[in-house]
1. Name the single residue that is nearest to Met365 (Cα to Cα) among those in region 169-194 being among the polar types (S, T, N, Q) and open to solvent by 60 Å² or more (accessible area, probe 1.4 Å).
2. Looking at Pro311 and the list (1) part of a loop (DSSP other than H, G, I, E, B); (2) open to solvent by 30 Å² or more (accessible area, probe 1.4 Å); (3) touching a residue at least 24 places away in the same chain (Cβ under 8 Å), which single condition is not satisfied?
3. Restricted to region 179-192, and to residues that are farther than 14 Å from Val253 by Cβ and of a type in the set (S, T, N, Q), which residue is farthest from the chain's Cα centre (by Cα)?
4. Return only the number of the condition from (1) touching a helix residue (DSSP H, G or I) at 6+ places or on another chain (Cβ under 7 Å); (2) surrounded by fewer than 19 Cβ atoms within 10 Å (Cβ to Cβ); (3) among the polar types (S, T, N, Q) that Ser212 does not satisfy.
5. Hey, could you check region 356-387 for residues that are over 22 Å from Leu319 (Cβ atoms) and in a strand (DSSP E or B) and say which is nearest to the chain's Cα centre (by Cα)?
6. Any residue in region 60-72 that's free of Cβ contacts under 8 Å to residues at least 12 places away in the same chain: show its pairings with residues that are hydrophobic (A, V, I, L, M, F, W, C) and surrounded by 12 or more Cβ atoms within 10 Å (Cβ to Cβ) at Cβ separation under 9 Å, as long as the two are six or more apart or on different chains.
7. From the set of residues in region 395-418 that are charged (D, E, K, R) and in contact (Cβ under 8 Å) with a residue 24 or more places away in the chain, which is most open to solvent (accessible area, probe 1.4 Å)?
8. If you go through region 281-303, how many residues are part of a loop (DSSP other than H, G, I, E, B), in contact with a strand residue (DSSP E or B) (Cβ under 7 Å, 6 or more places away or on another chain) and either surrounded by 15 or more Cβ atoms within 10 Å (Cβ to Cβ) or free of Cβ contacts under 8 Å to residues at least 60 places away in the same chain (or both)?
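The values are calculated or read from the model by the stated rules, or taken from the named source; none is laboratory data. No experiment lies behind these values; they were computed from the predicted model shown. Here Cβ is always computed from backbone atoms with ideal geometry, including for glycine, and neighbour counts include all displayed protein chains. Surface accessibility is based on the protein's heavy atoms, side chains included, excluding ligands, DNA and RNA. Shrake-Rupley method; radii C 1.70, N 1.55, O 1.52, S 1.80 Å.
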Amino acid sequence: MNIIQKLSSKNILVFNLVLIGAIFGFSLAFLSFSCSTPKVRVQAQQSQVVIPADALSAAESLQTVFRAVSEKMLPSVVELKTVSVRRQQTPNFQGIPWEFFFGPRDRGQDGREREFRSQGLGSGVIVRFKDGVYYALTNHHVIDDATEITIATKDGREYPAELVGSDARKDLALVSFRTNDFHPLAVLGDSDTVAVGDFAIAIGNPLGQQFSFSVTQGIISAVGRTGGPGGNINDFIQTDAAINQGNSGGPLVNIRGEVIGINTWIASDRGGGNVGLGFAIPINNAKRSIDEFIETGTTTYGWLGVSLQEPNRETITALGLENRRGALASQVFLGSPADNGGIRSGDFITHVNNREARSVQQLQMLVGDLRAGENATFTVIRDRQQREIRVRIEARTDQVASDNRRLWPGVTVVPLNDQIRQSMELDSNVQGIVAVQIVSGSPADIVGLRQGDRITSINGHAVNDIASFYRVLRERTNEELWFGILRSDSALESLKFRRQ
């Protein structure tokens, strides 16, 4: 090995020794630093929310109230399980093994009927106990067409139930079940004292058994709402407390734990879900029905004997009814309590026994709550003057209420307006009144009056507006009537009306 190779080897060795020493020294220094330097731990600090003591106390008190109401009411709320049986015609395909593809079916004598069993679910609330029998209030549409009814309580017990009575007009029904078990009764409040902004608590079984005995809370959004499905005549309580399918028949409760309504329907979006528009039957509308269902199994309504309408703007102006609320008696049944008592066509009814009738639907409800044989005072506006008329109420039956032969005169008229003139192709300066509805089977229908006829006179007296039409009609109500009319701008002979 020459001198150059020796020097090179020596340098490499020295370099390696220096490198190893540097690494060893750095490691010792790092360990020494780590041991001598205190460790710093980062820990999240919980933020302290400062709530004023008085505000927290008030909120906890309100929470305690909601808990107490829920605990009080839930044992009184029931789940209604129903079964409806329907028979439906099925195709009689010859040579096809029906049972193989579709399963066995119940055949009628002709072999072409099949029995379908559909299940339903709703809610109810226990309101009475008598002679070992509990009575639960619910909706008519919950038990409509049901052949089997089962009641389930919050503690899981189930009982076979029977229908006691039902009323489609108010959408109310009462079912009963017998047991020796104890179940608390709900306390019925006074729905007349309910006001917008009050707390409202809805209890029931929304969307099936998975969500049974749910409690939701909101406020009273409005009172006196009309409308609803199926021609319901209630003046509903509106609430934003969540109500969904299955809540029907369950109670709407106030902050005292008193039932103020029976949840009935919702206005929803296309999906059918809750959008904060729920409606309940005021409990005062149901109290009399509960008694009558238990006593007789049915309910009765008072009958006045008038055909009512909501007047349009032109009619209101012509009759001087601005800022008035009520319903227009456009026609009267001959021989009815209204006819005998002196109510006439064109009377605008505003009150019944000093209770305001704000709409057609509310007037129907007020009259319906009157008992047969009761004398009631009706406040009416006639010829712009207020007067009171005493009427002896009779019981309403489908027969008397549908006998259109006695509906006098059987035509609804309105003043001409721009829209009607345009549709009838009349000049803009043409005035008068026009028949917009003819009641089938009524005197007007029998004599041939048609929709669109312009009535110009009654018994030779000109009727240029709706006020004069009703005035002459009242004055000649005990006589035969002769209507002078225009049809398609051609004068026709008068149409003769006879009292039956």
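1. Selected residue: Thr193.
2. Status for Pro311: all satisfied but (2).
3. Here the answer is Asn180.
4. Every condition holds for Ser212 apart from (1).
5. Per the stated criteria, the residue is Ala376.
6. Leu62/Phe199; Leu62/Ile255
7. Arg405
8. Summing the residues that are part of a loop (DSSP other than H, G, I, E, B), in contact with a strand residue (DSSP E or B) (Cβ under 7 Å, 6 or more places away or on another chain) and either surrounded by 15 or more Cβ atoms within 10 Å (Cβ to Cβ) or free of Cβ contacts under 8 Å to residues at least 60 places away in the same chain (or both) in region 281-303 gives 3.
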